[in-house]
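Before anything else, here's the structure in question.
Taken together, the values in this text are just the output of simple stated rules run on the coordinates, not laboratory data. Small disclaimer: the values here were computed from a predicted structure and weren't measured. Neighbour counts run over all protein chains shown; Cβ positions are idealised from the backbone, glycine included.
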Amino acid sequence: MHTPFIGQLEPPSLVRHWQCHPPEGFIVASSPHDVPGFLTRFDMLTTAEHGVRDKVQSLPGYRWWRRWLSPRTRFFGSTVTEYTWLPRTPEPERLAADLAREHGRECPLLIIKDIPQASPLLDQADNARVERFVAACRANGFVALEGQALAWVPIDFEDEDDYLSRLSRGARRDIRRKLRTRAVLQVRALPTGDPSWTPALLQRCVELYENVYAQSEVHFDHLSAAFLRALLTEAGGDGMVFIYMHDSEVIGWNLCYVHEQDLVDKYVGFDYPKARELNLYAVSWMHNLAWARQRGLKRYIAGWTDPEVKTHLGARITFTRHLVRPRHVLLRQALRRLAPYFESDRRWYEEQQAHATDRS
């Protein structure tokens, strides 16, 4: 059964809450074809490789001219979905032409973010329509840049031992060692909208999210407390929150959604340094896999961030693309030349695959 949009891996309520409570500095603005979107100032170094970013930031006078690297930008897509949701009508060629014509001069940059790339999470027909859309966007002045690495796991294992047996010896040993802390942790599964969501628990979850945001390398979308509270208190939704406790204190939480046959991991909050000391990331990973398997789900979709950690834990990787259209033609030509410097996830993955081949 097809979802209303190509690339829709989440329930519609998630995007509705995001549109009602956008991240700081975002103005929500969808397209005429109902593609979610927003306007904000975008730091063009956000997805650049670390070496490139460091070199640019060390140039003379950077503090004075860096604002030119953060132009007002029109985005299509959202920051709460794994892929941009593309409508099934109109045809991809018309959609690309409409976006370029109606929004191409609105801001210095027009970006269609998180486009699937031969995704194992989509069927063959949807992947083919995505490729038609990408080709049409290129014909309308867009430049394709490598996006982030999206982690996912097929739920095709019998139990935890079967899952771990498929990993390298070093990964198995490391994960089993980290899982010993489960003995001192308590896990509570709390549906979104449950009456147990007290103001104190909601506030604790917001605080723990802020901890994760503060230690993140990329600060693009700062989710509001109102957005998080709306998600956690939504009645009748498909959200499930796993709350981790130690000595009767909440030290972590993880919001996931059941959508179609997938468990989609969305947001976490951690109490540092306790969460690291108790290996909460590895514990929650294995907990989510077991929870999904017990309910007959087919896939665990684990999101974009920390691909190195997630592959160590057994994830597979699929890549996304961003389609970028500078308003000025000369900038489009320059961007085509600079595209290889925005491939940090892809470069990391290819190096990892090469090392794995050498070891075999």
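Output the peptides 156-164, 291-299 sorted from most to least packed, where packing is the average of other Cβ atoms within 10 Å over each peptide's residues.
Descending packing order for the listed peptides: 291-299, 156-164.
Let me know the charge dipole size of the range 247-305 about its Cα centre in debye, to the nearest 20, where only the beta-carbon of Lys, Arg (+1) and Asp, Glu (-1) is charged.
Charge dipole, the range 247-305, about its Cα centre: 300 debye, nearest 20.
What's the ranking of 78-85, 181-188 by average number of surrounding C-beta atoms within 10 Å, highest first?
Most protected by this proxy first, the peptides run 78-85, 181-188.
If you don't mind, another one. Take each of the peptides 260-270, 219-229, average the number of other beta-carbon atoms within 10 Å over its residues, and list them starting from the highest.
260-270, 219-229
Another one. Based on other C-beta atoms within 10 Å, arrange S31, S168 from fewest to most.
S168, S31
Treating only the Cβ of Lys, Arg, Asp and Glu as charged (+1, +1, -1, -1), what charge dipole size does the range 156-297 show about its Cα centre? Round to the nearest 20 debye.
Its charge dipole is roughly 580 debye.
With N set to the residue count of the range 156-297, report its C-alpha Rg divided by 2.2 N^0.38 Å to two decimal places.
Cα-based Rg divided by the globular estimate yields 1.08.
Under Stokes-Einstein, with the Kirkwood radius over Cα pairs standing in for Rh, what whole-number D in µm²/s applies to the range 76-131 at 37 °C and 0.692 mPa s?
Answer from the Stokes-Einstein relation: 264 µm²/s.
Something else now. Say R0 is 22 Å: what FRET efficiency, to the nearest 0.05, do T233 and V28 get from their beta-carbon distance?
0.60
So, counting K/R as plus one and D/E as minus one, what does the shell of residues with Cβ under 11 Å around H219 add up to?
Here the count lands on -4.
Separate question: Working out 0.36 nm times the residue gap between D159 and S70, then minus their Cα-Cα distance, what length gain in nm do you get to one decimal?
So the chain would gain 27.3 nm between D159 and S70.
Report Rg/Rh for the range 114-164, rounded to two decimals, where Rg is the Cα radius of gyration and Rh the Kirkwood radius.
1.18
List the residues whose amide H sits under 5 Å from the amide H of V143, counting only those 5 or more places along or on another chain, with H placed 1.01 Å from N in the peptide plane.
Distant-sequence amide H within range of V143: V324, R325.
Let me ask something additional. Using the structure shown, list the pairs from K178/K298; K113/K298; K178/K274 with a Cα-Cα distance above 21 Å, or answer none.
K178/K298; K113/K298
Summing +1 for each Lys or Arg and -1 for each Asp or Glu, what net charge is found among the other residues whose Cβ lies under 13 Å from the Cβ of L190?
It works out to a net charge of 0.
So what's the net charge close to S165: Lys and Arg +1, Asp and Glu -1, counting the other residues with Cβ under 12 Å from its Cβ?
Neighbourhood net charge equals -1.
For E210 and A183 in the same chain, what is the full-extension length gain: residue separation times 0.36 nm, less their Cα-Cα distance, in nm?
Roughly 7.0 nm would be gained on extension.
Could you give each residue of the range 15-22 its phi-based ³J(HN,Hα) in whole Hz, using Karplus coefficients 6.51, -1.76, 1.60 with θ = phi - 60°, and x for Gly or Pro?
Taking θ as phi minus 60°, the curve returns 6, 4, 5, 4, 5, 6, 10, x Hz for the range 15-22.
Still on this structure, please answer the following. Could you list M245, M240 in order of exposure, starting from the residue whose Cβ has the fewest other Cβ atoms within 10 Å?
Lowest count first: M245, M240.
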